[in-house]
Amino acid sequence: MRNRYRALALPLAGVAAVTLTACGGSSAASDAKSVTVYSADGLKGEKGDGWYDKVFEDFEKKTGIEVKYVEGGSGEMVQRAAREKSNTQADVLVTLPPFIQQADAKGLLTAYEPKGADQVDAADRAADGKWTSVVNNYFGFVHNKKELKNPPRTWEDLLDPAYKEKVQYSTPGVAGDGTAVLIKALHDFGGQEPAMAYLKKLQTNNVGPSASTGKLAPKVDKGELLAANGDVQMNFAQSKDMPNLGIWFPAKGDGKPTSFALPYAAGLVAKGPHSENGKKLLDFMLSEQAQRDVSAVGGGFAARKDIEATDANAVELARLMEGVEIFEPDWADIGANLDTYIDAWKSATGS
């Protein structure tokens, strides 16, 4: 997750790197043998070794269709697609919730159920076929294993003076993982008022809003930060090159650590320039081989329930999630009241 706000196409192994513009004639979408993906970051590897890198390269080899890729924060990608609605550039949109639901509400998606979507749990896909999860994931935090003799276990631990200017989380309302901080706090603290009261207290130790969740993990690994937000798939992949990175799930007081599913959900963009190619890519993302690669290559969880991953990463991920209580957010409520929650957060934190 390089920069959640930089709307640039970033290089992928075997995948074209281009900058998209709103000018139809010169846009990346003008090539008939291409498909353009707008995506939340996290699935592309730092060294060209991520799930997207392999899936896109395999897709190109199989179909001859060039994948053109733009990444950023979930909210930023939805905003960009909305700005381009009169001159659509993207064919496929991939974001974390609640932004995929937001994209649907803005009329940015059109119904298409990829092959294999029937194997995706009903909770992880739209009933009307507007979107389906392609990679399952869970929200989490990271801490520095080397600097902390007693790693944090609870939300309250982060209020300790030892964490002064050593905690940071990405911006709610724009970054999917930043928004997830609010969602988890609302659940764990039992509502908006106590959640905002806590986040107000946390400002004493918080460095401030971050434009990139992905940039926080390297800072934690180096000891510049002691704790930050993230998500399991991204941080697990990063930990392969960041030995001091530890993944954890804050508990409230004496309660159990909690988390919730934060899947990468993909939808076909309405009136995309190459919708047929977009359909083929969505089919490919949910193919059995691509889904097996989710854990083996990407460090995530397969979206298809008929895929039983047994690779080393899958075993380690299962162990990581042991003892974590998984709750299901009320996405309808979050979608309807997200602006209210964001405004409350801004008021509480002075952001």
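Taking every residue in the stretch 48-60 that is closer than 14 Å to L281 by Cβ and pairing it with any residue that is among the basic types (K, R) and not in a helix (DSSP H, G or I), at least 6 positions away or on another chain, the pairs with Cβ-Cβ distances below 7 Å are Y52/K44.
For every residue, the table says whether it meets (1) part of a loop (DSSP other than H, G, I, E, B); (2) within 26 Å of S295 (Cβ to Cβ); (3) aliphatic (A, V, I, L, M); (4) at pLDDT 90 or above.
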{"position": "L20", "(1), (2), (3), (4)": "yes, no, yes, no"}
{"position": "V37", "(1), (2), (3), (4)": "no, yes, yes, yes"}
{"position": "F56", "(1), (2), (3), (4)": "no, yes, no, yes"}
{"position": "K61", "(1), (2), (3), (4)": "no, yes, no, yes"}
{"position": "A81", "(1), (2), (3), (4)": "no, no, yes, yes"}
{"position": "S86", "(1), (2), (3), (4)": "no, no, no, yes"}
{"position": "Q89", "(1), (2), (3), (4)": "yes, no, no, yes"}
{"position": "V94", "(1), (2), (3), (4)": "no, yes, yes, yes"}
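Among residues of the stretch 332-351 that are over 15 Å from A195 (Cβ atoms), those with a beta-carbon under 6 Å from a residue that is outside any loop (DSSP other than H, G, I, E, B) at least six positions away or on a different chain give the pairs G335/Q101.
Residues checked against (1) at pLDDT 95 or above; (2) outside any helix (DSSP H, G or I); (3) on the phi > 0 side of the Ramachandran plot; (4) aliphatic (A, V, I, L, M):
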{"residue": "H187", "(1), (2), (3), (4)": "yes, no, no, no"}
{"residue": "S212", "(1), (2), (3), (4)": "no, yes, no, no"}
{"residue": "K219", "(1), (2), (3), (4)": "yes, no, no, no"}
{"residue": "L225", "(1), (2), (3), (4)": "yes, yes, no, yes"}
{"residue": "N229", "(1), (2), (3), (4)": "yes, yes, no, no"}
{"residue": "G255", "(1), (2), (3), (4)": "yes, yes, no, no"}
{"residue": "G278", "(1), (2), (3), (4)": "yes, no, no, no"}
{"residue": "L282", "(1), (2), (3), (4)": "yes, no, no, yes"}
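Here E165 fulfils each of the conditions (1) assigned to a loop (DSSP other than H, G, I, E, B); (2) surrounded by fewer than 22 Cβ atoms within 10 Å (Cβ to Cβ); (3) within 22 Å of the chain's Cα centre (by Cα); (4) of a type outside the set (F, W, Y) apart from (3). Could we say that A312 is under 18 Å from the mean Cα position of the chain (by Cα) and aliphatic (A, V, I, L, M) here? No.
The values are calculated or read from the model by the stated rules, or taken from the named source; none is laboratory data. Being a predicted model, the structure only gives us computed values, none of them experimental. All Cβ positions, even for glycine, are placed from backbone atoms using ideal geometry, and neighbour counts span all protein chains on display.
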